[in-house]
Amino acid sequence: MFPGERMIRQAIATNPPRFTPRVLLGAGLALLVLALPLLLPLFKVTVMTNIMIFAIVAIGLVLLTGVVGLTSFGHAAFMGVGAYTTAVLTTHYHLSPWLGLPAGLLVTGLIAWFLGVVTLRMSGHYLPLATIAWGMSLFYTFGNTPALGGFTGLTDIPPVTVLGTALTSPRQYAYLSLLCLVVVMLLTAFLLQSRVGRALRALRGGPVVAEAFGVNNFRMKVEVFMISAMYASLAGWLYAHSQRFVNPTPFSVHEGINYLFMAVVGGINYILGAVFGAALITQLREWLQDLLPKLLHAQGSFEIIVFGILVILTLQFARRGLWPLIERFLPQDRLRILPQQSAFPERAKPAPGTPLLSVRSALKQFGGLKAVNDVSFDLNAGEILGLIGPNGAGKSTMFNLITGVNPATSGQITFAGQEIGKAGAGAIHRLGLARTFQHVHLLPDLTLLENTMLGGYARAKAGMVQSMLHLERAEEAALQHEALRQLERVGLAAQAFELAGNLALGQQRILEVARALVADPTLLLLDEPAAGLRYGEKQELSALLKRLRDEGVTILIVEHDMDLVMNLVDRLVVMNYGQKLAEGTPAEIRQNGAVREAYLGVDMTEDGAA
Amino acid sequence: MSGNLLEVSDLHTRYGRVEALSGVSLSVPQGHIVSVIGANGAGKTTLMNSVMGLLPSQGTVLYGGEPMHNVPLEARVARGMCLVPERRDLFASMSVQDNLTLGAYSRRRESWKADLDDVYRRFPRLLERRTQLAGTLSGGEQQMLAIGRALMGKPKLLLLDEPSLGLAPLIVRDILLMVKHLRDDGLTVLLVEQNARASLAISDEAYVLETGAVKMSGPAAELIRNPELTASYLGG
Amino acid sequence: MQIFDPSIFPVLFADGLTNGAVYALLALALVLVFSVTRVIFIPIGEFVVFGTLTLAALQSGKVPGTLGLLLVLLGVAAIMQAFGQFRAGQSSRGLTTLVGGAVIGAVLWFAIGALAPMKLPLLLQSLITLLLVAPLGPLIYRVVYQPLQNATVLVLLIASVALHMVLSGLALVFFGPEGSRTPPFLSGDLKLGQVTVSQQSLLVILASAMLMMGLFFFFERTMIGKALRATAVNRVGARLVGISPTASGTLTFLLAALIGGVSGMLIGPSVAMGYDSGFLIGLKGFIGAIIGGLVSFPLAAGGAVLVGLIESFASFSLSAWKEVIVFTLILPVLLWRSLITKHIPEDEE
């Protein structure tokens, strides 16, 4: 039996029961919410419906802002697209609201796609600025188009009909809104627990990190922006058929800013935070709109002062919002391990001794500087090659050429029989190259298991929609099992369900190795794995790398710690000033005069100093 | 004046959960060059940044006998601590002369014209290129400019972080000789280098740093002959 | 087309140039603030509003609402500063801060109270306006942005939007819902051949141009101006020569507030300004700034002038759609920027 199997069976056996305290608490709360529309006075039911509609928009912003690190001030405008689309189709063309919904989603999706494609190749702040501008122009478009009723809007929007019943009473409508909210919450939760969700979170670590696992940054960002906008569109549809009329006011940029406030104050990383924020801000608004004008003896929407101050204070003192303060007291569930249905096919490994990576006359020029100048070397399967050299010798640049982070100016790099000199990082990863990072890039709020699973991103296929519907569970199970096996292999299985952020640096580096191994690589690239480690941690890392070597893993390691490198590698390539200075076994390199000079520096004899 | 211009004792610096410096102590006597050598990742740059106040740290840093604990970076510069950082951190899109002028920012109310002439006398290359943008200079010239900019602050203590980084051997020699001349003119220097032989050759005392702690120390002339030093660089 | 009619075209052009000059000033302020502090300063428009409404209040002999706003911010800033000093164990300094803040507040209160009803000459009123509006910048920096100095651009942007909400709400509290116009500094027209241009328009263009030249001189020739540029180019480098990021931030916000206030007085005679007019005006400056990629001063200024011209011609032929046209303009601009932006992955180190 493979050593990992016992571990997996044990993990499945210790899966949390179906009805954990958290599930029971949630069920109790759900019952309470289900009863509310029947118990509350009618005007309160309307407020509750609004809160649920706003929460849907805020959840979209959590996905966009909290998870991916982008933001939008134009979500009220997307809501407007959903609302106006259904309003026009149902009033002008007398179509069913059930056609208005998909039509609105489609239009919104297209607009979001366009805005995303235009802005998301640039720095993150262009998207929010574009959403402000587009929100402004949409607002005036609504207001100035006679067919849309101008600033007075469209009236007599028909109610939504379900099974022949027109939902005209606010109490009935509250249930439709609740259903929509619950569906959105589930879709979002499913998405975040999936392969795509982990990739979305990895986007925050910067483009280099996510691309290294085969994630297409740009496409992922565009897709998540579209989904987030379509949530708002759904909310707009609900809003239009709840109010039964639409005008431009609720879809202005200022309302869009309000939705962002809900998400920020509530808790920008949490689905429940968005719901909480929507409830808090909406209730507060009701209350302040009553209180402030009396206090100030004037008419006007003074509550924005309070909201603005609340947001600034949140950013200054509790950047993750208010929900985490509540979440701390709630019971947490351990991740469930799914039963295995299928395993990923394993990559065919090249026979030991056959050429795997070959670098020929690689050159990388930055302006006038040749950071890598005419370097050639080979790496055979089953071998461990060390790439060393003094600081500034060009090792990192060489590393970036091989991983596709920064393509070479000229020269050939062949990996697994393919020319990769101009290929992107994701494509090279899919050929079987997996790497670790000099500065550890983990998702500190996720467990070791989930972090490790991210390494298998490129082995699975499910897209965003499948993930939202939980149609990728077979793949997810395979990823879980593979991740558990690799955690067992590196000796971190016991901590599989702990948060990665709680590990010491040495273990975090080992976790990165496990994550790379999940990709089933033919070549493992380690970027200074020992940097910053203490003596004991280095010993552990060294032992692990030796074990991997004995298991036949091919490794290219860039490292400064000579003790570690000399005792581990089969061969060394030494770089200096962008060029290859020497190549050979550790014993040969240690005796090499040029290498000694490069490391210890030039001799400055006194006559030179005179 | 005699005694130690800089005294560091039991300095600890952490990055989150990682301790990059664990109890480093060293002293820099007035008018000496003291070098700190060690392999990459040993904590040399962290040490410089902590002494300068760019990074928060625990322990004591005495400069001119005064504790620097509550003194912000800008005030340390005004008191004559000037760091030439590893990445040089020049103002790339500004001219050479502007870079140098800004070096005197903390002394902008004094007259610093003479110091500018002095820097140009030491680095004639910079005078030739004074209207050129700093970002267009060669690596060696950038290093000269970085040192020149620090000199414009009229330092009492010059902190040099890896001046040899990425430079060809001949240029390294020129720059280190320049540092030696500065010492001969009375400046106190704390030099961080990976290039052990070259820096030991111009230093009075030296410390060898390994994983955030001082492994060896002593007069530079003795350390350079110590076989353990070679071992710590090339592995035992 | 009608707009090319020789009797109309020059008028629209002059109008566009006038507003464009003011947008250009705002665009410059926005680029400056972003490059030095990484803050995307959405509330710049509020300063324009404060400039106009303060001058308008002084015109009618009333104490401007800006005074109240200034005193509130001064109080909050002094308390925050003192709190920090007390916590650092510098209790005597903290006390000085509190007393100093109270004294400054009281002096302002009495001085403005006495000066406002005197209906001083327009030029003196303008100076008082700047005296009231400019300090808002540094105070806001101290209260809102300084505690967020190490935050990401995204967090700073959300804070800016929140601040915009607070300031426009406070403008309603302190100035009331009515809009105002300010008197032109010059009345009468100038005939240039067949074309008649108001002297006020010329003054606005001239004043904007002079202010821009002044800024250019400040950044190119003075040590402080160079220090701000240095901070924008390399923050660590700037700190290492003794430039404190807090001081740079404070000065930058002072300049931005000053530019905003001047813009308000320049544009005041041609636009009826209400407490909530700032957002639109500020965003037009933003379109200019985005054309300059938030880094290039000349491109930003040029872009903003273009926005003014387009707006002017649009308001004549398609007046209801002018905002739509102006704000949709940003999409082709972004597309163009996206295409010229090279895809450079941030380096790992």
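The values are calculated or read from the model by the stated rules, or taken from the named source; none is laboratory data. Keep in mind it's a predicted model, so treat the numbers as computed, not measured. FYI the Cβ positions are ideal-geometry reconstructions off the backbone, even for glycines, and counts take in every protein chain you see. Heavy atoms of the whole protein, side chains included, go into the accessibility calculation; ligands, DNA and RNA do not. Shrake-Rupley method; radii C 1.70, N 1.55, O 1.52, S 1.80 Å.
Couple of notes before you dig in:
- Charged neighbours of C:GLU220, selected by a Cβ distance under 10 Å, balance to +2 (K, R count +1; D, E count -1).
- Cα-centre dipole for chain C with unit charges at Cβ (Lys and Arg positive, Asp and Glu negative), debye to 20: 760 debye
- In region C:227-242, the residues whose accessible area drops by at least 10 square angstrom when the other protein chains are added to the isolated chain are C:ALA227, C:ARG229, C:ALA230, C:VAL233, C:ASN234, C:VAL236, C:GLY237, C:ARG239, C:LEU240, C:VAL241, C:GLY242; the probe is 1.4 Å and only protein heavy atoms count.
- Reachable aspartates and glutamates from C:LYS191, criterion Cα separation under 13 angstrom, eight or more residues apart if same chain: none
- Centroid-to-centroid separation of region A:139-193 and region A:352-412 [C-alpha atoms, Å]: 57 Å
- Size of charge dipole - region A:46-252 - debye, nearest 20, with Cβ of Lys, Arg +1 and Asp, Glu -1, no other charges: 440 debye
- Accessible surface buried upon A-B contact (total; probe 1.4 Å; Å², nearest 100): 2700 Å²
- Within the straight-line cut-off of under 17 Å between alpha carbons, the aspartates and glutamates reachable from C:LYS284 are C:ASP15, C:GLU46, C:ASP276, C:GLU311, C:GLU323, sequence neighbours fewer than 8 places apart in one chain being disregarded.
- Entry comment: accessible area of region A:238-322 is 40 Å² per residue, from protein heavy atoms only and a probe of 1.4 Å.
- For chain C: relative contact order, % (alpha-carbon pairs under 8 angstrom, 6 or more apart): 37 percent
- For the residue pairs A:LYS370/A:LYS546; A:LYS364/A:LYS538; A:LYS395/A:LYS422; A:LYS395/A:LYS538; A:LYS422/A:LYS461; A:LYS44/A:LYS294, the alpha carbons lie more than 29 Å apart in A:LYS370/A:LYS546; A:LYS364/A:LYS538.
- Positions from region C:152-194 whose accessible area shrinks by 40 Å² or more when the full protein complex is built, not the chain alone, probe 1.4 Å: C:LEU154, C:VAL155, C:LEU157, C:ILE158, C:VAL161, C:ALA162, C:MET165, C:VAL166, C:LEU172, C:VAL173
- Of all accessible heavy-atom area on the protein assembly as shown, the percent that carbon and sulfur account for (1.4 Å): 61 percent
- Debye, to nearest 20: dipole size of the protein assembly as shown, +1 on Lys, Arg Cβ, -1 on Asp, Glu Cβ: 1340 debye
- Helical mean residue ellipticity (222 nm; -39500 (n - 2.57) per DSSP H run of 4+; nearest 500) of the protein assembly as shown: -18000 deg cm²/dmol
- Look at the alpha carbon pairs under 8 Å that are at least 6 residues apart: their mean separation over the length of chain B gives a relative contact order of 28 percent.
- Considering only beta bridges that DSSP places wholly inside chain A, some 60 percent are antiparallel.
- Under the combined filter of DSSP loop state and at most 12 neighbouring Cβ atoms within 10 Å, region B:1-45 retains these trypsin sites (Lys or Arg not before Pro): B:ARG17.
- The Cα center of region C:278-334 and the Cα center of region A:447-509 differ in position by 48 Å.
- DSSP-defined antiparallel bridges as percent of all bridges, chain B, nearest 5: 55 percent
- Note on chain B: lysine pairs with Cα distance below 19 Å, sequence gap of 8 or more or different chains, count 5.
- Surface burial for A against C, with a 1.4 Å probe and both sides summed, reaches about 4500 Å² of accessible area.
- Partner chain coverage, peptide A:134-145 - average Cβ within 10 angstrom: 5
- Occluded residues from region A:308-346, i.e. those whose accessible area drops by 30 Å² or more once the chain is not alone (1.4 Å probe): A:ILE312, A:LEU315, A:GLN316, A:ARG319
- Across chain A, the relative contact order, built from alpha-carbon pairs under 8 Å that are at least six residues apart, equals 17 percent.
- GNM remark for chain B: springs join alpha carbons under 10 Å apart, and the peak mean-square fluctuation among B:ASP185, B:ASP115, B:ASP174 falls on B:ASP185.
- GluC sites (Glu not before Pro) lying in DSSP loop within region A:408-503, provided at most 16 other Cβ fall within 10 Å: A:GLU498
- Rolling a 1.4 Å probe over the protein heavy atoms gives region A:491-576 an accessible area of 30 Å² per residue.
- Size of the B/C contact, given as accessible area buried on both chains, probe 1.4 Å, in Å²: 2000 Å²
- In the full protein context, chain C carries 41 Å² of accessible surface per residue, based on a 1.4 Å probe and ignoring ligands, DNA and RNA.
- Gap separating the Cα centres of region C:140-188 and region B:1-59, nearest whole Å: 44 Å
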